[in-house]
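The values are calculated or read from the model by the stated rules, or taken from the named source; none is laboratory data. Since this is a predicted model, take the numbers as computed values, not measurements. Using ideal geometry, Cβ is built from the backbone for each residue, glycine included, and neighbour counts are taken over all protein chains shown.
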Amino acid sequence: MTDSSPPSKPASNPYPDSTEQAVGSRASDDSQAGSNANQDNAAGQDAASDQESASAQETWDALPVTQQRAAVFRVQAGRETMEAFVVAFVLALLFRAFIAEAFVIPTGSMAPALMGAHKDVFCDQCGQQFPIGASLEFRSPDVEQVVVGGVCPNCRHINSLDIANTPDDTTFSGDRILVSKFAYAISDPDRWDVIVFKVPVNPKQNYIKRLVGLPNETLTILHGDVYAQPGVKTNDVAGDIGPIAGPVSGPDNRNSNSPGEILRKPPSTLLAMKHVVYNSDHQADSLIQAAYPARLQPWKSGATSPPEDSWQVTRSEAGLVAKLPEAAAKSKSPNWLRYYHRWPSSQQWQQAIAGQSLASLDPYRSRLVTDFHAYDAYLFVDADRVYDLKPSPIRVSKYKRLLGQTHSEGVFRPDFESGGDLSQFRNNLRYGSTGHATEGMHWVGDLIVEADLETAPGAKSVTMEIVEAGVRYHCQINLEDGLATMTINDGQERSFDPASGEANSDNAATSNPQASTSIRAGSRHSVRFSNCDNQLVLWVDDEVIEFDRPTTFNVSSFLPFQDVQPIYNGPGDPGDASPVGITVRGGAATIHQMTIDRDKYYIATNTSQEAMLDYDMQQLSDFAGVAVRQQEIQAVMGEPTVWSEFPGWASRRRVSFPIGEDQFFPMGDNSPESLDARCWAGTKEKYGRDRSVDPDSYRFANASYVPRDLLVGKALAIFWPHPWRSPVPMTPNFQRMRLIR
């Protein structure tokens, strides 16, 4: 019989994990053994450490107390030094982010108040110091263009620069300024502040300009001056950039559409923004030897040549001195010392330097004072006309960068005559960015005259005169009691603005401003008189004199703006051909120095696509029947007999810019070469900046203003202008260290 029961199963393990547990148990035992071993090693190390500590403690205890204290001080000093560095670093970051930051001026748009890369020139004829722009040398990594000369603003001699042998003729870096980032967090910007901001056409870049237009007003530029009236015009198609229309230009219809009140600069700002016209201290010896007529000449009403019994003018390299004899001062008609704005032509300069006489020239010949900018009157050529190997930012040591040198010296061409006659460049020499920068394009009538005046004890009065558009602005000082009186006369006496509360009184129309001064006969003083922004200002020994009533006036009340143009009635009544004069009555007088400066002239433009001009060139060309060149306008400035016939006066444009809430309108001091709120709108597309991953980055790129959010801060001071490279490197330039006005 067979067994039918199924085969029996092996007995199951009642502890299925017993094998793994056993393995684990052995591993645990091994680990425990290792742990015991490690503990034994650690115990040994601890024992050794204890022995070392005990040994170190014994060594420490064995040291004298003085050495113990010294060691403690060294450890504490090291820790405190490290903490000081960390704290200083953090504070520097906070200071830079929220309080103040240093900036370097890159270009000349604010010149001459703030200068970018430039050259400082001392005229080799008259000695006048002046800067010229050189930013174009650094527009590419390698120098592609080189500034080789500049035009003196005083004598207009063209100076050749010895860039190979004279260290101070090479290019200097821009001014280093300190900017307060906290200023506008606690107060609003003030008009005429110099501000730093993110430029709307490229918010990654900082610009520095002067703030002229404020929120909620309409700004108008006309005839070089700036006007403002409250309120703005609504733009029907403003889009997403705000409720303000773009700039509107049109004919000079001021009488039917007033632009508002003229914006007047404070005296300190006016002086900070002035431009040199003439300085009698700087005389060219070659012109003296050639008997070239002085620019200060004696004159009497109706005279066609300088009278001999009047002011006696003598010149030397030390300067010009004019003396009025007592007999002339007591004559019935006043003897004037008048300024005639002229300088030698290129041919006359060559004759004078060659020793030829220029005595036959008309001493009363003159031209208009214009918006000539010496900073823009640089002469340049392509770099390959000067160098075999161009200067490069490569191979410049840290030490040389500290001295302000940003490029290597380069290798000069063997045929380049450094400092030699600029005719070596033939037709390759260019004058400024416009090609015609040797003279200005716009007549400037706002002038400042200063005289170092000494009077004899018997003198009775001194009168200073500025002429603009044929209107004579006088400041007369009684030398017996020092009383100064302002007057305006264009054939009849005109009134100043009324004082508060007398707008409708008879006194408002008949009284002239008066003030007491320290000037008396028999004394010597510096006297400065200005006619700028429809306001007369007097300084005595650099102190502004306060008058008993406003010295401001509204020229449009007696001279329509379309009639504002220079006047010339011949040498006997030169008008604007001799815009400055001074006379002394009753006693002898000496003028030891006279300087004449001009005010800023803002060009009325609303585009960067055309030349920076006030004139409607198409209108001028239509009138003439041919295309009018800019050099032809400059020629008109030097021909007084054609001023009355020049149609350009009527073609000067008026441009208005409405400014809304939290919007600001800045302009550069160097109006002909400044890309600012007048003309930067639309340049985004021109320079390819319209492509951005963030569409809001350039939302203000077509706006003629700076929104409040893009303001960075207020410029405070020039703390480190370029150092001189001679007589020793890094000679501080203390003359330019100053507060920014």
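Residues in the range 555-575 that are modelled with pLDDT of 95 or more and touching an Asp or Glu at 6+ places or on another chain (Cβ under 7 Å): 3 in all.
For THR166, indicate whether it is polar (S, T, N, Q) and closer than 27 Å to TRP343 by Cβ. So THR166 fits the description; yes.
The set of residues from the range 425-448 being in a loop (DSSP other than H, G, I, E, B) and hydrophobic (A, V, I, L, M, F, W, C) comprises LEU429, ALA437, MET441, VAL444.
Condition first: under 25 Å from GLN593 (Cα atoms) and surrounded by fewer than 22 Cβ atoms within 10 Å (Cβ to Cβ). Now tell me which residues in the range 474-496 satisfy that. Across the range 474-496, the qualifying residues are HIS474, GLN476, ASN478, GLU480, ASP481, GLY482, LEU483, THR485, THR487. What do you reckon, is GLN631 in a helix (DSSP H, G or I), of a type outside the set (Val, Ile, Thr) and touching a residue at least 60 places away in the same chain (Cβ under 8 Å)? Criteria met by GLN631. Being surrounded by 22 or more Cβ atoms within 10 Å (Cβ to Cβ), farther than 21 Å from THR731 by Cα and not assigned by TED's automatic domain parsing to the domain that holds PHE416: is that true of HIS223 here? Considered against the rule, which asks whether it is surrounded by 22 or more Cβ atoms within 10 Å (Cβ to Cβ), farther than 21 Å from THR731 by Cα and not assigned by TED's automatic domain parsing to the domain that holds PHE416, HIS223 comes out as yes. Inspect all residues belonging to the range 568-578 and state whether any of them is surrounded by fewer than 14 Cβ atoms within 10 Å (Cβ to Cβ), farther than 30 Å from LEU324 by Cα and in contact (Cβ under 8 Å) with a residue 12 or more places away in the chain. Taking every residue of the range 568-578 in turn, none turns out to be surrounded by fewer than 14 Cβ atoms within 10 Å (Cβ to Cβ), farther than 30 Å from LEU324 by Cα and in contact (Cβ under 8 Å) with a residue 12 or more places away in the chain. Of everything in the range 153-185 that is β-branched (Val, Ile, Thr) and in a strand (DSSP E or B), the residue that is modelled with the highest pLDDT is ILE158.
For the range 653-669, residues that are at pLDDT 95 or above and under 15 Å from TYR601 (Cα atoms) total 4. The single residue among LEU620, LEU675 that is in a helix (DSSP H, G or I) and within 22 Å of PHE372 (Cα to Cα) turns out to be LEU620.
A single member of ALA374, ALA318 is buried (at least 16 other Cβ atoms within 10 Å of the Cβ) and either more than 30 Å from LEU114 (Cα to Cα) or of a type in the set (A, V, I, L, M) (or both), and it is ALA374. Quick check: is even one residue across the range 281-299 farther than 30 Å from ILE591 by Cβ, at pLDDT 95 or above and part of a loop (DSSP other than H, G, I, E, B)? Checked against the condition, which is being farther than 30 Å from ILE591 by Cβ, at pLDDT 95 or above and part of a loop (DSSP other than H, G, I, E, B), the range 281-299 yields no hits at all. Of everything listed in (1) surrounded by fewer than 16 Cβ atoms within 10 Å (Cβ to Cβ); (2) touching an Asp or Glu at 6+ places or on another chain (Cβ under 6 Å), the single unmet condition for GLN347 is (2).
Residues in the range 127-152 that are in contact (Cβ under 8 Å) with a residue 40 or more places away in the chain and part of a strand (DSSP E or B): PHE130, PRO131, ILE132, GLY133, GLN145, VAL146, VAL147, VAL148, GLY149, GLY150, VAL151. Where strands (runs of 3 or more DSSP E) fall entirely within the range 330-398, those with at least 3 residues that are touching a strand residue (DSSP E or B) at 6+ places or on another chain (Cβ under 7 Å), in contact (Cβ under 8 Å) with a residue 60 or more places away in the chain and not aromatic (Phe, Trp, Tyr) are at 378-382.
Note on the range 199-218: residues that are of a type in the set (A, V, I, L, M) and in a strand (DSSP E or B) amount to 3. Annotation note: of THR455, THR463, THR487, the sole residue that is within 21 Å of LEU324 (Cβ to Cβ) and in contact with a His (Cβ under 8 Å, 6 or more places away or on another chain) is THR463.
Just wondering, is there one or more residues in the range 186-198 that are within 22 Å of LYS600 (Cβ to Cβ), among the charged types (D, E, K, R) and assigned to a strand (DSSP E or B)? There is no residue in the range 186-198 that is within 22 Å of LYS600 (Cβ to Cβ), among the charged types (D, E, K, R) and assigned to a strand (DSSP E or B). Given the conditions (1) farther than 26 Å from ILE740 by Cα; (2) surrounded by fewer than 18 Cβ atoms within 10 Å (Cβ to Cβ); (3) in contact (Cβ under 8 Å) with a residue 12 or more places away in the chain, report the number of the one that GLU101 does not fulfil. Here GLU101 meets the rest and fails (1).
Please indicate, with yes or no, whether at least one residue in the range 257-269 is under 30 Å from ARG191 (Cα atoms), in a loop (DSSP other than H, G, I, E, B) and polar (S, T, N, Q). Within the range 257-269, one or more residues are under 30 Å from ARG191 (Cα atoms), in a loop (DSSP other than H, G, I, E, B) and polar (S, T, N, Q).
No other residue among ILE466, ILE477 is over 30 Å from TRP649 (Cβ atoms) and of a type outside the set (Gly, Ala, Ser) apart from ILE477. Residues in the range 133-170 that are β-branched (Val, Ile, Thr) and over 22 Å from PHE372 (Cα atoms): VAL143, ILE163, THR166, THR170.
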